[in-house]
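This report refers to the structure that appears directly beneath it.
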Amino acid sequence: MRRGPGPIENSLAGSIHQNYDLLLQNELHIVGEHLLRVHHCLIAQPGVRLEEVRKAISHPQALGQCARYLRGHGIRPEQVYDTAGSVKLLKASGARDTAAIASRRAAELHGMEVLAEGIEDDPQNYTRFLAIRKEAAAPAEDAKTSIVVALRNQPGALFKAMSVFALRDIDLTKIESRPLQGSPWEYLFYIDFLGAVGDDKARRALDHLGEYATMVRVLGSYPRFRG
């Protein structure tokens, strides 16, 4: 019954593709989602002034979400493995021409100084997190379902696949393609739709989808986030 959250997409920087790939590669089920408002801070060694900063380190997603701010201040981005980890790396290095992008809490934990707060490029900066576990869940009402589909390489395949949802008035909230590893120029489609996989409409749609797909995998049905 072990369960844990993982970021899957950001409203500014887009999907976190490696996490989509991990969902497919492992026998895990999505059992919930949460949208989190993200505030980014520019963090430096105590006593450092903003004018001294030449480089910012952080996770690629955080750097992407603050790209306009960094360009405007002539700060060069450099990717590291994690946002909070970037503060730890910065403290250990002692560098005074480098800042980290992370939360205020990360700065407080490591005794570092916040030079600027709210540096994300858009105030509507949200990250969608998924709760995952080894066992599937059965949501009661107001559910969302995530699936991944591989389609036959034939004319109109994607149109026909999408029509199985349109014919049943099932609302798609997301569709995104990802390369199919080991098969150049072939793609997987990650799809989110409203409804639970156990609903009659959804079950009929997935059965119909099987006529056009070489693979359909349900990643999970879970309560739709209502913040």
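Values quoted throughout were computed directly from the atomic coordinates according to the rules given, and no laboratory measurement underlies them. Since this is a predicted model, take the numbers as computed values, not measurements. Positions of Cβ are backbone-derived with ideal geometry, glycine not excepted, and every protein chain shown enters the neighbour counts.
Taking 7 Å steps out from each Cα toward its Cβ at Arg104 and Glu52 produces label points 2.3 nm apart. Along segment 125-137 the Karplus relation, 6.51 cos²θ - 1.76 cosθ + 1.60 evaluated at θ = phi - 60°, assigns HN-Hα couplings of 9, 10, 10, 8, 10, 10, 8, 10, 7, 6, 9, 6, 10 Hz to successive residues, with x for each Gly and Pro.
Extension gain, Arg71-Ala136: 0.36 nm per intervening residue step, less the Cα-Cα distance, totals 19.0 nm. Full extension of the chain between Val114 and Glu78 gives 11.1 nm of extra length, using 0.36 nm per residue less the Cα-Cα distance. Axis of helix 200-209 versus longest Cα principal axis of the chain: the two differ by about 90°, to the nearest ten degrees. Couplings 3J(HN,Hα) of segment 53-61, computed from phi: 7, 10, 9, 10, 10, 4, 5, x, 5 Hz, in residue order, whole Hz [Karplus 6.51 cos²θ - 1.76 cosθ + 1.60, θ = phi - 60°; x for Gly and Pro]. Over the chain, DSSP H runs of length four or greater, each weighted -39,500 (n - 2.57), average out per residue to a 222 nm ellipticity of -7000 deg cm²/dmol. Looking at (i) 14.6; (ii) 13.7; (iii) 12.0, which value of mean projected area of the Cα convex hull in nm² comes from a calculation on the structure shown? So the structure-derived entry is (i).
In this structure the amide hydrogen of Arg224, modeled in the peptide plane, comes within under 5 Å of the amide hydrogens of Ala143, Lys144, none closer than 5 places in sequence on its chain.
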